[in-house]
Amino acid sequence: MAYFDAASAEPVSPAAREALLAALDDGWADPVRLHREGRRASLLLDQARERVAGVLRCRADELAFTSSGTEAVQLAVLGAVSARQSASRGPAHVVVSAVEHSSVLNAAAQAELTGSQVTIAGVGADGRVDVAGFTDAIRRGRTVLACLQSANHEVGTMQPVEEIAAECNAAGVPLFIDAAASVGRVALPADWSMLAASGHKWGGPPGVGVMVIRKSVRWRPPIPAGNREGRRVPGFPNLPAIMSAAAALEAFEAERDEADIALRLLTGQIRDHLMTKVPDCVVHGDQAYTLPHIVSFSCLYIDGEALVMELDKAGFSVSSGSACATDTQQPSHVLAAMGAITHGNVRVSLARNTKGESVTNFLGVLPGITSRLRGSTGRAEQAG
């Protein structure tokens, strides 16, 4: 099998595996206890925090570990809104892009239920937000938060975060970025106020999220506070998984530039092949400002789930539809916001260990599979 779904989860890296096994011996105790084992666990947790903060270019005391990227998103967004809500000054206003991950959109919807106003900023056909339009949105009403992903998890399009950050700073509005798709893959943009990421995206184990809240940001826990992670996150931390994720991120970041070159070469081959060898195929997203490992495309007259299953039978693991709503079989809200075709969609996302031979084999079988599926529906394929 060739695994082409790294945007969902990167295979656990050797560095993560080694760190996890070591941490199971040393990092099992409760880090808030004062006994020897607790002090040891606390030291290991602080070390993991320092390592991740070093990659993210933030202060260690600005970073908290959560149980998932989704939890990090929801705590960050709802905590920022909660801290700046004021009945006397009118409803709070939140701006989000239309192509955010569902966790961000759901958090904004929850803020709306508690009295905030939400503006959904549109995107172009390439999936990038319009800087002028987004800026206009943050200057409306009493904007307390703007949310913009660093890059899109479905089509790979990178967003103009630094331009938006400059406008947010000028307006006194904190900017939250969902960096789950891009941490360790491309250079992190500067000047954001809050950030969320997820360890399994960079080769760490599942169940580790990262939330960063700059010291300058007003934030308060949106749920009852515990005595963990600076009272920001409740619950007993999964220290072995956290230590493993920290080791994986350092290794992932160290290989970033080399991997960027190799993966962009492979995804470039896929895009060229799709546009020249697969009839009635549309490649989505910005082809210049894009993550190195993602290619999203739609094949007309083909059901996306059927194409995924046929590719799986042929030995290739890819994903289809909305990356965050596949289980509901709903059309991708990202593609819909871009005005793109929402059926017959497939996302190929290459893992760090992907070999050129696997991509060559994939491109060799794809035209035949699409032709066969179109034939089974009675749709004649149009060449050219």
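The values are calculated or read from the model by the stated rules, or taken from the named source; none is laboratory data. Given the structure is predicted, the values throughout are model-derived calculations rather than measurements. Reconstructed Cβ throughout: ideal geometry from the backbone, glycine too, with neighbour counts over all protein chains shown.
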In region 160-184, residues that are closer than 24 Å to H333 by Cα and either outside the structural domain of V104 (by TED's automatic domain parsing) or touching a Lys or Arg at 6+ places or on another chain (Cβ under 8 Å) (or both) total 4
Scan region 12-28 and tell me whether some residue there is modelled with pLDDT of 95 or more, under 25 Å from the mean Cα position of the chain (by Cα) and part of a loop (DSSP other than H, G, I, E, B). yes
Going through region 224-235 in order, the residues found to be outside any loop (DSSP other than H, G, I, E, B) and either modelled with pLDDT of 80 or more or of a type in the set (D, E, K, R) (or both) are E229, R231
Listed by first then second residue, the pairs whose first member lies in region 298-323 and is under 20 Å from T354 (Cβ atoms) and modelled with pLDDT under 90, whose partner is of a type in the set (D, E, K, R) and part of a helix (DSSP H, G or I), with beta carbons under 7 Å and at least 6 positions apart or on separate chains, are S320/E305
Note: among L78, L34, just one is assigned by TED's automatic domain parsing to the domain that holds A181, closer than 30 Å to A336 by Cα and of a type outside the set (D, E), namely L78
Exactly one of D178, D191 is more than 19 Å from A60 (Cβ to Cβ), out of contact with any Phe, Trp or Tyr (no Cβ under 6 Å at 6 or more places or on another chain), charged (D, E, K, R) and surrounded by fewer than 21 Cβ atoms within 10 Å (Cβ to Cβ), and that residue is D191
Taking region 178-194 and keeping residues out of contact with any Ser or Thr (no Cβ under 9 Å at 6 or more places or on another chain), more than 22 Å from V295 (Cβ to Cβ) and either in a helix (DSSP H, G or I) or small (G, A, S) (or both) leaves A190
By residue number, the members of region 148-159 that are under 18 Å from A137 (Cβ atoms) and either out of contact with any Lys or Arg (no Cβ under 8 Å at 6 or more places or on another chain) or free of Cβ contacts under 8 Å to residues at least 60 places away in the same chain (or both) are L148, Q149
Within region 55-72, residues in contact (Cβ under 8 Å) with a residue 40 or more places away in the chain and touching a helix residue (DSSP H, G or I) at 6+ places or on another chain (Cβ under 8 Å) come out as V55, R59, D61, E62, L63, A64, F65, T66, G69, T70
Screening P205, P221 for residues that are in a loop (DSSP other than H, G, I, E, B), of a type outside the set (G, A, S) and at pLDDT 95 or above leaves only P205
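Yes/no per residue for (1) polar (S, T, N, Q); (2) in contact with a strand residue (DSSP E or B) (Cβ under 7 Å, 6 or more places away or on another chain):
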position: E154; (1), (2): no, yes
position: Q159; (1), (2): yes, yes
position: I164; (1), (2): no, yes
position: N169; (1), (2): yes, no
position: G172; (1), (2): no, no
position: L175; (1), (2): no, yes
position: D178; (1), (2): no, yes
position: A181; (1), (2): no, yes
position: R185; (1), (2): no, no
Flagged in region 100-154 as surrounded by fewer than 23 Cβ atoms within 10 Å (Cβ to Cβ) and of a type in the set (D, E), in numbering order, are E112, D126, D130, D136
Hey, does region 160-177 have a residue that's part of a loop (DSSP other than H, G, I, E, B) and over 22 Å from the mean Cα position of the chain (by Cα)? yes
Within region 341-357, of all residues that are more than 22 Å from P279 (Cα to Cα) and not acidic (D, E), the one surrounded by the most Cβ atoms within 10 Å (Cβ to Cβ) is L350
Matching residues in region 52-64 (in a helix (DSSP H, G or I) and surrounded by fewer than 18 Cβ atoms within 10 Å (Cβ to Cβ)) number 3
